[in-house]
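The values are calculated or read from the model by the stated rules, or taken from the named source; none is laboratory data. Bear in mind that the values here come from a model prediction, so they are computed numbers and not experimental data. Here Cβ is always computed from backbone atoms with ideal geometry, including for glycine, and neighbour counts include all displayed protein chains. Surface accessibility is based on the protein's heavy atoms, side chains included, excluding ligands, DNA and RNA. Shrake-Rupley method; radii C 1.70, N 1.55, O 1.52, S 1.80 Å.
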Amino acid sequence: MSGLIIFIAYLLGSIPTGYIAVKAIKGIDIREIGSGSTGATNVLRTLGKGSGAFVLGIDCLKGLLAIYCTYAWFHFALNNNLLPINVDIQLWQQWLVNTSGVAAILGHSKSLFLGFTGGKSVATSLGILLAINWQVALATIGVFILILAIFRIVSLSSICSAITVPLAMVSIHQPLAYIVFSVIGGLYVIWRHKSNIQRLLLGTEAKLGQVVRIETSE
């Protein structure tokens, strides 16, 4: 049964919000535009602020729902004696949340519906953090906003936020399962930004407000 909820978390993460939005509005594949990511930043540059904000919100909601579904399943299993006997219930829940969170992140970047392509998992990770610990989530948002205000580069803000998460988890003494999740998730988000890191080093990374030109047949 635990495997089922983890798979559900992956499926929630796999919902290709950015791809659907751009396909519906422009009739094109966002993976062939700009960075090739299906995430909110590429949608922002492609369709503008409104669509970018919508995709950001839904992608964040995917992560939030993945963890809330895990909590709901866990409580159902606990109330119906479906959990193994003689286990640490709290520890079991924490590691199940850890695994579901990782599954949702992988789903967003390796979507089952897009041939295992997708985004960079930043917004989905934020939704997961909001469900796990809102204080860590707010600290992460604060760092993101600060770096974005100074440098106006979304990828740099995302990378700095990913580094912040495990530090915040440790600083407020979160459970080991959540700290491990923050390290895995943070490293994965940074790895997903490897091409951005190359452009940052070259000084060619796009700044906030730069729009991707789209050629259509109209």
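Compute the length gained on full extension between residue 79 and residue 180: take 0.36 nm times their separation in residues and subtract their Cα-Cα distance, giving the result in nm to one decimal.
Length gained, residue 79 through residue 180: 33.6 nm.
Using each residue's phi in region 164-178, evaluate 6.51 cos²θ - 1.76 cosθ + 1.60 at θ = phi - 60° and report the 3J(HN,Hα) Karplus result to the nearest Hz, with x for Gly and Pro.
Result, ordered by residue: 5, 4, x, 5, 5, 4, 5, 5, 10, 6, 6, x, 4, 4, 6 Hz.
Karplus couplings for region 183-188 from phi (6.51 cos²θ - 1.76 cosθ + 1.60, θ = phi - 60°), rounded to Hz, Gly and Pro as x?
For region 183-188, the Karplus curve yields 5, 4, x, x, 5, 5 Hz.
If I fit a long axis through the Cα atoms of helix 122-132 and take the longest principal axis of the Cα atoms of the chain, what angle between them do I get, 0 to 90°, rounded to 10?
Tilt of helix 122-132: around 30 degrees.
Quick one: which residues, 5+ away or cross-chain, put their amide H under 5 Å from the amide H of residue 208? H built at 1.01 Å from N.
153, 154
Amide H to amide H, which residues 5 or more places from residue 117 or on other chains are under 5 Å from it, using H placed in the peptide plane?
Placed amide hydrogens put 111 under 5 Å from residue 117.
Taking 8 Å as the Cα distance limit and 6 or more residues as the minimum spacing, I'd like the relative contact order of the chain as a percentage.
Reported relative contact order: 24 percent.
Got a number for carbon plus sulfur as a percent of the chain's accessible area, 1.4 Å probe?
Of all accessible area on the chain, carbon and sulfur atoms account for 67 percent.
With only alpha-carbon atoms in the gyration tensor, what are the semi-axes of the equivalent ellipsoid for region 1-50, in Å, largest first?
For region 1-50, the semi-axes come out at 27, 10, 9 Å.
Report the extension gain between residue 29 and residue 151 in nm, rounded to one decimal, defined as 0.36 nm multiplied by the number of residues separating them, less their alpha carbon distance.
Gain on extension, residue 29 to residue 151, equals 41.0 nm.
Dividing the alpha-carbon Rg of the chain by 2.2 N^0.38 Å yields what?
After normalising by residue count via 2.2 N^0.38 Å, the value is 1.05.
Ignoring trypsin sites (Lys or Arg not before Pro) that are buried or in helix or strand per DSSP, and keeping those with at most 13 other beta carbon atoms within 10 Å, what is the longest stretch of the chain between them?
Longest site-free region, per DSSP loop and neighbour criteria: 1-206.
By its C-alpha gyration tensor, with a ≥ b ≥ c as the square roots of the eigenvalues, how is region 24-76 shaped: rounded for a/c under 1.5, else prolate for a/b larger than b/c, else oblate?
It comes out prolate by the Cα gyration axes.
Between residue 20 and residue 53, what length in nm is gained on full extension when 0.36 nm per residue of separation is reduced by their alpha carbon distance?
Extra length available between residue 20 and residue 53 comes to 10.5 nm.
Across the chain, how many lysine pairs separated by 8 or more positions, or lying on different chains, have Cα atoms within less than 22 Å?
For the chain, the number of qualifying lysine pairs is 16.
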